[in-house]
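*Asks:* Would you mind keeping the following structure in view while I ask a few things?
The values are calculated or read from the model by the stated rules, or taken from the named source; none is laboratory data. Everything numeric here is computed off the predicted structure, so don't read it as measured data. Cβ: placed from backbone, ideal geometry, glycine included. Neighbour counts: every protein chain shown.
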Amino acid sequence: MTTGTDLVEVRAGVYHDSVSLMRVSQALTARPGVDVAVVAMATELNVGLAREAGFAVPAAGPADLLVAIRAGSAADLDEAAEELERQFAALTGGGGGGFETAGAAPRTTGTAARGFDATLALVSVPGEHAFAEAMDAVEAGLSVMIFSDNVPVAQEVLLKERARERGVLVMGPDCGTAIVGGAGLGFANVVRPGRIGVVAASGTGAQQVACLLDLAGAGVSHVLGVGGRDLSAAVRGRSTLAALAALDADPSTDLIVLISKPPAPEIAQKVRRFVAGLRTPVVFALLGPGADDLTTATEKALRALGVPVPRWPSWTAAQATAPDEPQAGPDGEAGPDGRAGPGRGLWGIYSGGTLCEEARIVAGAGVFTDYGDDAYTRGRAHPMIDPSLRLEALASAEGVVLMDVVLGHAADPDPAAWLVPAVRAARERGVDVVVALVGTDSDPQGLRRQADALVEAGASVFVSNAAAARHAAALAGSAG
Amino acid sequence: MSSRPSGPSATPAAALLGGEPRVISVGVAVLAEALDRQAVPRVGVEWRPPLPGTAEALGKVVADPRRARANEIAVGRLISARPHLVGVRPAREVLGLPSGTFLHAGPPIDWDRASGPMRGALIGAVLFEGLAGDAEEAARLLASGRVTLDSCHHHRAVGPMAGVVSPSMWMFEVADAEHGGTAYCSLNEGLGKVLRYGAYGPEVVERLRWMGEVLGPALAAALALSGPVDLRALIAQALQMGDELHNRNRAATSLLVRELAPAIVDAAPGRAAEVLRFINGNDHFFLNAGMAAGKVGADAARDVPGSSLVVAMARNGTDFGIQVSGLGNRWFTGPAGVPDGLYLGAYGPGDANPDIGDSTITETSGLGGFAMAAAPAIVRFVGGDVADAVAATRAMYEITLAEHPAYQIPGLGFRGTPVGVDVALVARTGVLPVVNTGIAGRVAGTGQVGAGLVSPPAEAFTAALVALAAG
């Protein structure tokens, strides 16, 4: 219904995923004459947001689509409504081919498995609904990558237990990255084929290592994500062991890198015992104080295979404030990390949990936020797709900002496009911006192209997150 | 392949790593697009959130370790049933019904909540049994509570529309040659003013008498001569001849007549002509035998612990109820909807009673609305065109556990009909069973006013799912 310059509409039974809808909302909001556009599933959260924005939203449920647009004039609103229909038309159509009942896309993973000779399912529905789709896959004898987060841990254990009985691999939940047989799943970089397999309870950690291996000319055989909780006491490394065994049996894998945030101690022991029984050598990259960072672990893997370790590329910008001239926060008050001068504040604004953790450990001080954490992704897209939270953080930061920019499939098609103006604005405020740029030249966004744009805007860019963190710490005058 | 020996759990995952991945994608579109850009073979799932309020129960039901095997067993029994028409006998004899007991369609209901056509049919049955002199007296008796009402389903029986069965009515007796069960359904009265649609005038009672005195005994004698009729084979053929076995039974009725005619002539030479004329004058004559065939298969699938298979869908004109294999004899109900369809003569939607009858046993066993794609001749009658019929059948594959090995649809490349409704799949997809049905007049005594399509209430399925989750 249209009242004045508001359009509020609930479409029953129409579903699109949150990322697609966020893109529609962004396209509408970007139109001149449009003040607010909320195009989202009518979850409690989204209905609340629309009501807060002053829209008169009628009763609706999470299975309904909510449209709420406010424009400057009735004509602008009409045009926005037309654009909305164009966007929706583009969303429907094309659900992949090959299903034998052409024209009727399957409605569950189970039906899809009946009609299509698959090897793997990629599940990215909202976490509370992921279990049934994943279980369909496992019961059909398929391995599954569960990209969804917010899946209850009991369901994760059950899925992995059932997968063990069926002899298939469950990657995830909350598995952001995998490369299987050359196909990148989820957030994955275009990495050359090679002899090193990666098992990772960490999405961006796996991306960092895979990209460094590519830059060194070594490449990967497969990258198997296992989900951030796999090495917890509850999940007991079930998928890690299965993935290690699979790579151990894989003729194209000569060495395995195992990446995780610090595991539960008894699980770490269990994994080490298991690894001791494998024929394939395993290099550990278990993040923690005193342990190797991801770059160091990658270098160890390269040396073990006799591949020369290159100088990791970096592009250092001219500093707005020289690192040897420490200064306090505005008006000499405490910096954002709570420390008063002489050091400058160090803000870690990350999209990747492992990269965030690694930077925190390497830098030794500062305020680090992982915007990819469940707490920030409930009801919104991952920060690798939706930059808004991180842009807000960058806009209000002081001192030194350290951030990751992760390239590859499914990530933002051109992160430099939105980062460059934000970096320039930050530089004008005297803020130093250090970027850990994780990607390869073959990625759709192009590593060098992104690096050039960011350096041009005044950022310092490192392909090694650890190196970026050391540089940022030095700029901030903290330990490093 | 690898020359290395394989590790203990390596084999299946190694198969994953050994070849090119072929992916089922469900969820975020950008992830699917990324696969398309890499030219990875992929099929997309058109996923929607489950029915509101079912997420938690779905999690529990899907996690039930018994579920997969239990459903395999239950639907396996449903589709392996081999129903044979073995006899025609009075209800008093085969169901042990005492005088004053009446069965009815759908979940249990009392006189107070009974709809017009249900009341009309009960009045007619009381008159037929000679328990009252006129309709008013019959209604008083029924309202007094001095008669016993019970659901057909509680007595291995099913009844079309009002489904009222009284002791003197004759029943088809169908035996399952695979699992040994037996099920019963009354004989079809024909069209027009008939008891099952709630009519109870003198011509209705007169016809029931004739059926008890002539039709029933003649069929019984004929079957005794001919031996059992294989209904599974007959239904399979009728599907390929354009019936869906609920709203269209023209082919099946013809096949049955052809099968029985010589034996009827031999067994009852003096009455054969009127018996054959009666059967031949009613395209739905087979429906009741088909319903008993469905019932005997569905009953074979009952009581498998952990199974989420629907073993009965039935309506009493007020409630639409379902029963589920893993949940014993409990009914899960919601309000019966008014069918959407075409009306006879001057009747319209305002004359229609809410959905009524046990004939949804055909959908329960993969026929009727589920087999719409097999019956292009009736799609206009039940709404829409051939493409809609194909779409309806295709949608049913989303909520069923199997494809019937014997019941095939030529137009879908002889694919088996979708069979075995799973309450979990209904909740996950929000797709409700498609039911073809007749429409009874709202007012007692009216009879049939039309036919069309109806959707069951979603709450019957969500309530059953919640009960399964509660274990």
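*Asks:* Here are some conditions: (1) buried (at least 24 other Cβ atoms within 10 Å of the Cβ); (2) more than 7 Å from every other protein chain (Cβ to nearest Cβ). Residue A:126 meets all but one. Which one does it not meet?
*Replies:* Single failed check for residue A:126: (1).
*Asks:* Also: Counting only residues that are part of a helix (DSSP H, G or I), of a type in the set (S, T, N, Q) and closer than 25 Å to residue A:430 by Cα, which one in the range A:355-402 is modelled with the highest pLDDT?
*Replies:* A:396
*Asks:* Go through the range B:407-421 and give me each residue that's among the aliphatic types (A, V, I, L, M) and not in a strand (DSSP E or B).
*Replies:* The one that is among the aliphatic types (A, V, I, L, M) and not in a strand (DSSP E or B): B:412.
*Asks:* Among the residues of the range A:9-34, write down those that are in a loop (DSSP other than H, G, I, E, B) and facing chain B (nearest Cβ under 10 Å).
*Replies:* A:13, A:14, A:15, A:16, A:17
*Asks:* Same structure again: Looking only at the range B:240-285, how many residues end up being surrounded by fewer than 20 Cβ atoms within 10 Å (Cβ to Cβ) and on the phi > 0 side of the Ramachandran plot?
*Replies:* 1
*Asks:* Right, next: Restricting the search to the range A:253-268, which residues are closer than 22 Å to residue A:299 by Cα, more than 14 Å from chain B (Cβ to nearest Cβ) and β-branched (Val, Ile, Thr)?
*Replies:* A:257, A:259
*Asks:* Separate question: Do you know which residues across the range B:428-464 are within 14 Å of residue B:332 (Cα to Cα) and within 13 Å of chain A (Cβ to nearest Cβ)?
*Replies:* Listed by number, the residues that qualify are B:458, B:462.
*Asks:* Another question, if that's okay. I need the full set of residues from the range B:422-453 which are assigned to a loop (DSSP other than H, G, I, E, B) and under 30 Å from residue A:106 (Cβ atoms), in order please.
*Replies:* B:430, B:431, B:432, B:433, B:434
*Asks:* Related question: Quick one: how many residues across the range B:432-452 are surrounded by 22 or more Cβ atoms within 10 Å (Cβ to Cβ) and either outside the structural domain of residue B:139 (by the TED database) or among the aliphatic types (A, V, I, L, M) (or both)?
*Replies:* 6
*Asks:* Would it be correct to say that residue B:92 is in a helix (DSSP H, G or I), surrounded by fewer than 23 Cβ atoms within 10 Å (Cβ to Cβ) and more than 11 Å from chain A (Cβ to nearest Cβ)?
*Replies:* Yes, satisfied.
*Asks:* Mind checking which pairs have a first residue in the range A:83-107 that is within 22 Å of residue B:391 (Cα to Cα) and a second that is modelled with pLDDT under 80 and part of a loop (DSSP other than H, G, I, E, B), Cβ under 8 Å, 6 or more apart or different chains?
*Replies:* A:105/A:95; A:105/A:96; A:105/A:99; A:106/A:99
*Asks:* Could you check how many residues of the range B:367-379 are assigned to a helix (DSSP H, G or I), crowded, with 24+ Cβ neighbours inside 10 Å and either of a type in the set (Lys, Arg) or more than 13 Å from the chain's Cα centre (by Cα) (or both)?
*Replies:* The number of residues fulfilling the criteria is 3.
*Asks:* Is it the case, given these coordinates, that residue A:469 is modelled with pLDDT of 95 or more, in a helix (DSSP H, G or I) and within 20 Å of residue A:354 (Cα to Cα)?
*Replies:* Criteria met by residue A:469.
*Asks:* Let me ask something else. Considering only residues that are of a type in the set (S, T, N, Q) and more than 17 Å from residue B:248 (Cβ to Cβ), look in the range B:363-412 and name the one that is farthest from the other protein chains (Cβ to nearest Cβ).
*Replies:* Here the residue is B:364.
*Asks:* Got at least one residue in the range A:244-252 being surrounded by fewer than 24 Cβ atoms within 10 Å (Cβ to Cβ) and away from chain B (no Cβ under 14 Å)?
*Replies:* Scanning the range A:244-252, I find no residue that is surrounded by fewer than 24 Cβ atoms within 10 Å (Cβ to Cβ) and away from chain B (no Cβ under 14 Å), so the answer is no.
*Asks:* Could you run through the range A:149-181 and say how many residues are out of contact with any strand residue (DSSP E or B) (no Cβ under 8 Å at 6 or more places or on another chain), closer than 30 Å to residue A:406 by Cα and surrounded by fewer than 24 Cβ atoms within 10 Å (Cβ to Cβ)?
*Replies:* So the answer is 6.
*Asks:* Before we move on, is residue B:261 in contact with a strand residue (DSSP E or B) (Cβ under 9 Å, 6 or more places away or on another chain), in contact (Cβ under 8 Å) with a residue 12 or more places away in the chain, in the same structural domain as residue B:445 (by the TED database) and part of a helix (DSSP H, G or I)?
*Replies:* no
*Asks:* With the structure loaded, tell me whether residue B:397 is out of contact with any His (no Cβ under 9 Å at 6 or more places or on another chain), surrounded by 24 or more Cβ atoms within 10 Å (Cβ to Cβ), in the same structural domain as residue B:243 (by the TED database) and free of Cβ contacts under 8 Å to residues at least 40 places away in the same chain or whether it fails that test.
*Replies:* yes
*Asks:* Please find, within the range B:37-50, the residue that is nearest to the other protein chains (Cβ to nearest Cβ) out of those that are more than 15 Å from residue A:124 (Cα to Cα) and touching an Asp or Glu at 6+ places or on another chain (Cβ under 9 Å).
*Replies:* B:40
For every residue, the table says whether it meets (1) among the small types (Gly, Ala, Ser); (2) at pLDDT below 95; (3) part of a helix (DSSP H, G or I); (4) not assigned by TED's automatic domain parsing to the domain that holds residue A:123.
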residue: A:230; (1), (2), (3), (4): no, no, no, no
residue: A:244; (1), (2), (3), (4): no, no, yes, no
residue: A:247; (1), (2), (3), (4): no, no, yes, no
residue: A:262; (1), (2), (3), (4): no, yes, no, no
residue: A:273; (1), (2), (3), (4): no, no, yes, no
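*Asks:* Considering each of A:461, A:433, A:438 in turn, give the residue that is more than 25 Å from residue A:190 (Cβ to Cβ), among the aliphatic types (A, V, I, L, M) and modelled with pLDDT of 95 or more.
*Replies:* Only one candidate qualifies: A:433.
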